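A.B. asks: Structure incoming, see below.
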Amino acid sequence: TVPRGAPADPLPAAVVGAGLGGSAVAYFSQQQFGPQVQLDVYEQAGVGGRLATVTVNKQQYESRGASIHALSLHMQDFVKTLGLKHRREVPGKSAIFSGEHFVLEETDWYLLNLFRLWWHYGISFLRLQMWVEEVMEKFMRIYKYQAHGYAFSSLEELLRSLGGDAFVNMTQRSVAESLLEVGVTQRFVDDVIAAVLRSSYGQSVLVPAFAGAMSLAGAQGSTWAVEGGNKLVCSGLLKLTKANVIPARVTGISLHSSEGKALYQVHYEGKEGQGSAFYDMVVVTTPLHPSRSNFTFENFEPPIADFPGAFQPSVTSVVHGYLNSSYFGFPDPKLFPFASILTTDTPNLFFNAMDNICPVNISAAFRRKQPQEAAVWRVLSQQPLDKQQLKTLFKSYYSVQVTEWQSYPRYDAARSLPPIVLHENLFYLSGVEWVASSMEMIAVAAKNVALLAYNRWYQDLEKIDQKDLMHKVKTEL
């Protein structure tokens with residue numbers, strides 16, 4: 001190994017995908033390895049991945065990945081480093097709709113909201129808060145571990161170091177089961193928890209407890225977004241690392257060896273046809289599920305297995321039009337008070353959530369449209385909305401822009417988590433979404449992969465999968 005501080009040989013590295021995972025892993029790798037790492041980032045569609053915007057009337061709106069939790073320390077850090085700004089918040093009330101009536105309505109008055117929750121659901125919502133806070137408090141240890149350079153070679157090891165076997169078990173059992181166990185009532189689960197999970201993952205209360213806790217933390221904490229669009233974080237990080245972005249689709253990776261160490265040949269297809277290049281290290285940040293990518297691994301012994309699991313189709317419709325408030329029980333649209341509507345898990349409900357969205361650039365004079373005016377609404381559903389369904393939600397509309405995604409893993413419980421290490425210096429980042437899928441989870445996984453790659457490259461095994469880290473980190477301080 002090269003002594004630290006000595007000029008090292010160049011280290012050619014490839015990153016597959018330029019979404020948040022790819023741009024963050026490029027940034028963190030350069031932080032770890034310094035200028036010796038030479039980064040090629042392959043991206044066929046466009047930097048930003050799922051962090052995308054759509055344009056309505058010359059204004060841009062987030063189509064996905066809209067809010068970032070206040071405790072997202074890596075995201076906060078990216079924004080600071082890149083000199084980006086937090087978008088101005090435009091307050092709005094939300095409510096939960098059952099298909100027939102509102103089961104819960106938010107008011108302007110915080111104490112009244114608490115009182116309503118208390119009145120409807122008793123101690124359930126306190127128990128929920130305590131449960132989420134306990135999970136988040138343990139999860140926050142990751143920042144300390146990462147600041148000290150510790151990394152984990154599997155998702156199970158990472159979870160175990162934060163919350164013991166209890167955290168690993170939370171990826172195998174449902175959020176409903178975990179909450180009922182701590183004394184949250186079935187009614188609260190059906191009304192409130194279901195609505196939050198439908199709006200974030202488009203799935204039911206059967207999602208694993210850990211993914212559920214992350215989503216519920218986002219629903220009750222303060223959230224923020226980036227002025228100009230969250231995807232600016234991705235393009236900013238790639239510019240900062242001076243990574244070479246190659247507009248091509250990676251079709252496979254084959255293993256060669258040179259002088260006793262692994263060499264990876266990345267095969268790709270671009271506008272100019274097919275090509276390939278050799279690297280000492282590769283990080284794959286696009287999902288390796290057969291349903292998502294036809295990606296081949298050649299010459300690996302033992303072969304790299306297929307990844308089980310499927311993805312949840314989800315549809316975002318950005319509609320510029322007049323809300324049909326009478327469908328929600330408000331014949332006079334002027335009286336409709338809500339900017340966002342969550343829904344319960346009711347068979348006849350054809351949408352998961354909808355919100356009156358603001359553009360990614362908010363001027364000081366900006367105000368949210370009144371309910372009787374034409375506004376831009378984002379509707380989340382599992383299938384594309386047909387004409388009749390659009391007519392149900394809107395009196396009339398100027399435009400509808402539909403984006404279909406295979407965005408989140410289908411969280412069916414009792415599934416083993418995908419590996420992080422596919423081969424010596426070949427890493428897989430997207431598997432973290434099977435633990436929970438959020439911008440911050442991806443950023444945490446990106447930092448973990450960069451630290452893991454670095455510690456393995458320099459054989460610093462003291463920094464990988466250490467037991468009792470809480471104690472170690474305390475004594476290092």
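The values are calculated or read from the model by the stated rules, or taken from the named source; none is laboratory data. Just so it is clear, the model here is predicted, and its values are computed rather than measured. Methodologically, a virtual Cβ is constructed for each residue, glycine included, from the backbone with ideal geometry; neighbour enumeration extends over all protein chains shown. Calculation scope for accessible area: heavy atoms of the full protein, side chains included, ligands and nucleic acids excluded. Shrake-Rupley method; radii C 1.70, N 1.55, O 1.52, S 1.80 Å.
A.B. asks: Report, by residue number, each residue of region 58-76 that is in a helix (DSSP H, G or I) and without any contact (Cβ under 8 Å) to a residue 60 or more places away in the chain.
C.D. replies: Passing the criteria: only Gln76.
A.B. asks: Follow-up question, since we're still on this one. Could you grab me the full set of residues in region 457-475 that are surrounded by 12 or more Cβ atoms within 10 Å (Cβ to Cβ), in a helix (DSSP H, G or I) and either of a type in the set (D, E, K, R) or on the phi > 0 side of the Ramachandran plot (or both)? Spell out how you get there, then give the answer.
C.D. replies: Kept after step one, since they are surrounded by 12 or more Cβ atoms within 10 Å (Cβ to Cβ), are these residues of region 457-475: 457-458, 460, 463-466, 469-470, 472-473.
Pick out the ones that are also in a helix (DSSP H, G or I) and you get 457, 463, 469-470, 472-473.
Of everything in region 457-475, those that are surrounded by 12 or more Cβ atoms within 10 Å (Cβ to Cβ), in a helix (DSSP H, G or I) and either of a type in the set (D, E, K, R) or on the phi > 0 side of the Ramachandran plot (or both) turn out to be Lys463, Lys472.
A.B. asks: Do we find a residue being among the aliphatic types (A, V, I, L, M) and in a loop (DSSP other than H, G, I, E, B) anywhere in region 446-456?
C.D. replies: No: region 446-456 contains no residue that is among the aliphatic types (A, V, I, L, M) and in a loop (DSSP other than H, G, I, E, B).
Table: residues versus (1) of a type in the set (Lys, Arg); (2) surrounded by fewer than 17 Cβ atoms within 10 Å (Cβ to Cβ); (3) part of a loop (DSSP other than H, G, I, E, B).
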residue	(1), (2), (3)
Ala18	no, no, yes
Val25	no, no, no
Gln32	no, no, no
Gln38	no, no, no
Phe78	no, no, no
Arg88	yes, yes, yes
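A.B. asks: So which residues in region 195-204 are under 19 Å from Arg127 (Cβ atoms) and surrounded by fewer than 23 Cβ atoms within 10 Å (Cβ to Cβ), if there are any at all?
C.D. replies: Applying the first criterion (under 19 Å from Arg127 (Cβ atoms)) to region 195-204 yields 195-197.
Scanning region 195-204 gives a single hit, Val196.
A.B. asks: Another question, if that's okay. Would you point out the residue of region 236-262, among those that are touching a strand residue (DSSP E or B) at 6+ places or on another chain (Cβ under 9 Å) and either over 25 Å from Ala24 (Cβ atoms) or in a helix (DSSP H, G or I) (or both), that is most open to solvent (accessible area, probe 1.4 Å)?
C.D. replies: Ser257
A.B. asks: Here is a follow-up. Could you check region 14-57 and list, in sequence order, the residues that are among the hydrophobic types (A, V, I, L, M, F, W, C), closer than 14 Å to Val250 by Cα and touching a residue at least 12 places away in the same chain (Cβ under 8 Å)?
C.D. replies: Listed by number, the residues that qualify are Ala14, Val15, Val16, Ala18, Val41.
A.B. asks: While we're looking at this one, here's another question. Could you grab me the full set of residues in region 147-194 that are assigned to a helix (DSSP H, G or I), open to solvent by 30 Å² or more (accessible area, probe 1.4 Å) and either closer than 27 Å to Ile341 by Cα or not small (Gly, Ala, Ser) (or both)?
C.D. replies: Once the filter is applied, which keeps residues that are assigned to a helix (DSSP H, G or I), open to solvent by 30 Å² or more (accessible area, probe 1.4 Å) and either closer than 27 Å to Ile341 by Cα or not small (Gly, Ala, Ser) (or both), region 147-194 yields Glu156, Glu157, Arg160, Asp165, Asn169, Glu177, Leu180, Glu181, Gln186, Arg187, Asp190.
A.B. asks: Quick one: count up the residues across region 40-55 that are under 17 Å from Gly17 (Cα atoms) and either open to solvent by 20 Å² or more (accessible area, probe 1.4 Å) or charged (D, E, K, R) (or both). Steps first, answer last, please.
C.D. replies: Of region 40-55, the ones under 17 Å from Gly17 (Cα atoms) are 40-52.
Remaining after also requiring either open to solvent by 20 Å² or more (accessible area, probe 1.4 Å) or charged (D, E, K, R) (or both): 40, 43-47, 49-50, 52.
The total comes to 9.
A.B. asks: Hey, another quick one. Would region 270-290 turn up any residue that is open to solvent by 40 Å² or more (accessible area, probe 1.4 Å), touching a residue at least 60 places away in the same chain (Cβ under 8 Å) and under 20 Å from Pro384 (Cβ atoms)?
C.D. replies: Within region 270-290 (the criterion being open to solvent by 40 Å² or more (accessible area, probe 1.4 Å), touching a residue at least 60 places away in the same chain (Cβ under 8 Å) and under 20 Å from Pro384 (Cβ atoms)), the answer is no, since none of the residues qualifies.
A.B. asks: Could you tell me which residue of region 100-119 is farthest from Phe350 (Cα to Cα), considering only residues that are assigned to a helix (DSSP H, G or I) and open to solvent by 70 Å² or more (accessible area, probe 1.4 Å)? Don't jump to the end; show me each part of the working.
C.D. replies: Taking region 100-119 first, the residues assigned to a helix (DSSP H, G or I) are 110-119.
So of that shortlist, the ones also open to solvent by 70 Å² or more (accessible area, probe 1.4 Å) come out as 110-111, 115-116, 118-119.
Details: Tyr110: 30, Leu111: 33, Phe115: 31, Arg116: 27, Trp118: 29, Trp119: 29 Å.
Per the criteria, the residue is Leu111.
A.B. asks: Then there is this: Can you tell me how many residues within region 203-235 are under 21 Å from Ile68 (Cβ atoms), part of a helix (DSSP H, G or I) and small (Gly, Ala, Ser)?
C.D. replies: 8
A.B. asks: Is it true that some residue in region 56-72 is within 28 Å of Thr286 (Cβ to Cβ), open to solvent by less than 40 Å² (accessible area, probe 1.4 Å), within 24 Å of the chain's Cα centre (by Cα) and aliphatic (A, V, I, L, M)?
C.D. replies: Checked against the condition, which is being within 28 Å of Thr286 (Cβ to Cβ), open to solvent by less than 40 Å² (accessible area, probe 1.4 Å), within 24 Å of the chain's Cα centre (by Cα) and aliphatic (A, V, I, L, M), region 56-72 yields at least one hit.
A.B. asks: May I pose another question? May I ask you to verify whether Val2 is within 18 Å of Thr403 (Cβ to Cβ), at pLDDT below 95 and either in contact with an Asp or Glu (Cβ under 6 Å, 6 or more places away or on another chain) or among the hydrophobic types (A, V, I, L, M, F, W, C) (or both)?
C.D. replies: Taking the combined requirement at face value, the residue does not satisfy it.
A.B. asks: Hey, among the residues in region 291-302 that are in a strand (DSSP E or B) and not hydrophobic (A, V, I, L, M, F, W, C), which one's surrounded by the most Cβ atoms within 10 Å (Cβ to Cβ)? Give the steps one after another, and end with the answer.
C.D. replies: Residues of region 291-302 that are in a strand (DSSP E or B), as a first pass: 296-298.
Next, only the ones that are not hydrophobic (A, V, I, L, M, F, W, C) stay: 296, 298.
Numbers: Thr296: 11, Glu298: 13.
Ranking the qualifying residues of region 291-302, first place goes to Glu298.
A.B. asks: Here is a further query. Taking the condition assigned to a strand (DSSP E or B), of a type outside the set (Lys, Arg) and within 22 Å of the chain's Cα centre (by Cα), does Val266 pass? Break it down stepwise before answering.
C.D. replies: Details: assigned to a strand (DSSP E or B): yes; of a type outside the set (Lys, Arg): yes; within 22 Å of the chain's Cα centre (by Cα): no.
So Val266 does not fit the description; no.
A.B. asks: Between a residue in region 438-455 that is in contact (Cβ under 8 Å) with a residue 60 or more places away in the chain and any residue that is assigned to a helix (DSSP H, G or I) and among the charged types (D, E, K, R), which pairs come within a Cβ distance under 8 Å, given they are 6 or more apart or on different chains?
C.D. replies: Pairs found: Met441/Glu433; Ile442/Glu433; Leu451/Lys463; Asn455/Lys463.
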